[in-house]
1. Scan the stretch 250-300 for residues that are of a type in the set (Gly, Ala, Ser) and either under 28 Å from Leu136 (Cβ atoms) or outside the structural domain of Glu188 (by TED's automatic domain parsing) (or both) and jot them down.
2. Determine, yes or no, whether Leu95 is modelled with pLDDT of 95 or more, surrounded by 12 or more Cβ atoms within 10 Å (Cβ to Cβ) and in a helix (DSSP H, G or I).
3. Go through the residues of the stretch 65-86 one by one and say whether even a single one is assigned by TED's automatic domain parsing to the domain that holds Asp41, in contact with a strand residue (DSSP E or B) (Cβ under 9 Å, 6 or more places away or on another chain), part of a helix (DSSP H, G or I) and buried (at least 19 other Cβ atoms within 10 Å of the Cβ).
4. Among (1) part of a strand (DSSP E or B); (2) of a type outside the set (Gly, Ala, Ser); (3) assigned by TED's automatic domain parsing to the domain that holds Phe271, there is one condition Met185 misses while meeting the rest; what is its number?
5. I want to confirm something. Restricting to the stretch 245-262 and keeping residues that are over 22 Å from Ile98 (Cβ atoms) and touching a residue at least 40 places away in the same chain (Cβ under 8 Å), which single residue is farthest from the chain's Cα centre (by Cα)?
Amino acid sequence: MTLTELRYIVTLSQENHFGRAAEKCFVSQPTLSVAVKKLEDELGVALFERRKGRVIITDLGQRLVEQAREILDQVSIFKDMAQEGKHQLNTSLKLGAIYTIGPYLFPHLMPLLARSAPEMPLYIEENYTSVLRKKLKQCELDAIIVALPFEEPDIVTLPLYDEPFVVLLPKGHQLAAQAEITSSMLLEDNVLMLGPGHCFRDQVLEACADLKDIVTLPATDSPDRRKLITEGSSLETIRHMVASRLGISVLPKSAAMAGFIDETLLEIRPFAAPVPSRTVALAWRVTFPRPKAVDILSRAAKQCRVI
């Protein structure tokens, strides 16, 4: 049994396809296939079911792959300890962020990281919280930026900043006459929201009691329920929908800063107290072997002028 074979089965479990797994491991498909079969023969168990065009990991294989990931993570720690932390800031950092944070934070964050750690290449990814959670646990990402609460065994979280929510209105909307907006006022128009799967949708519903109350109502029985439209696939899509006067919406303040809002088409109003908000946080594995990289990242994120 070798570390290379362990890397092969971890990658194969992610890709469920010998060809794609071989490409990710930079080897030929026969080389990977033979190595996986050799490991299965050595262990005396089948880790994968071979089917036409794809493979499916067995229940036992899943448990062994999880253990293989831990072994590979520990090997990474071992190697880093052997180098006494000399190279923590000159290897790539794989960073993820949820869709409602990444586009507004990354443009500020990346220049700061480039100045603080000029020899540390940065790989970035935007995705749903659920996907980022999985990739962080599987060591495909080194750290992720999400909204709290975020609880996961063996994952450390560090709050970065609190971000208030604001109301997005079409230019000249009747609510624009208000200095502050309450959640009950939102029901005066169609409320445009992200669809299920976006954590920001859940945060808005949790923070705005009047919206949360109508979500459970049958759409056919309640005029208020029909006002809640969840067709937006992104905050950018929702912004265009509001500009087209299809309704109003709630945004994180970072998405409503200058440069993102066309003031000839849109207006922003704050919420009345208590102002709904979210806490943006950095999360990483407790076993991640590069604490200096995490420290540089967290300090840069806290310095960003996003709100």
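1. Filtering the stretch 250-300 for residues of a type in the set (Gly, Ala, Ser) gives 254-256, 258-259, 272-273, 277, 281, 283, 293, 298, 300.
Those that are of a type in the set (Gly, Ala, Ser) and either under 28 Å from Leu136 (Cβ atoms) or outside the structural domain of Glu188 (by TED's automatic domain parsing) (or both): Ser254, Ala255, Ser277, Ala281, Ala283, Ala293, Ser298, Ala300.
2. Values: modelled with pLDDT of 95 or more: yes; surrounded by 12 or more Cβ atoms within 10 Å (Cβ to Cβ): yes; in a helix (DSSP H, G or I): no.
It is false that Leu95 is modelled with pLDDT of 95 or more, surrounded by 12 or more Cβ atoms within 10 Å (Cβ to Cβ) and in a helix (DSSP H, G or I).
3. Checked against the condition, which is being assigned by TED's automatic domain parsing to the domain that holds Asp41, in contact with a strand residue (DSSP E or B) (Cβ under 9 Å, 6 or more places away or on another chain), part of a helix (DSSP H, G or I) and buried (at least 19 other Cβ atoms within 10 Å of the Cβ), the stretch 65-86 yields at least one hit.
4. So the condition that Met185 fails would be (1).
5. Going through the qualifying residues, I end up with Arg245.
For every residue, the table says whether it meets (1) outside the structural domain of Thr100 (by TED's automatic domain parsing); (2) modelled with pLDDT of 80 or more; (3) under 24 Å from Arg133 (Cβ atoms).
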{"site": "His173", "(1), (2), (3)": "yes, yes, no"}
{"site": "Glu180", "(1), (2), (3)": "yes, yes, no"}
{"site": "Val191", "(1), (2), (3)": "yes, yes, no"}
{"site": "Leu194", "(1), (2), (3)": "yes, yes, yes"}
{"site": "Asp202", "(1), (2), (3)": "yes, yes, yes"}
{"site": "Ile214", "(1), (2), (3)": "yes, no, no"}
{"site": "Glu231", "(1), (2), (3)": "yes, no, no"}
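The values are calculated or read from the model by the stated rules, or taken from the named source; none is laboratory data. Owing to the predicted nature of the structure, the values given are computational and were not obtained by experimental measurement. Heads up, the Cβs are rebuilt from the backbone with ideal geometry, glycines too, and the neighbour counts pull from every protein chain shown.
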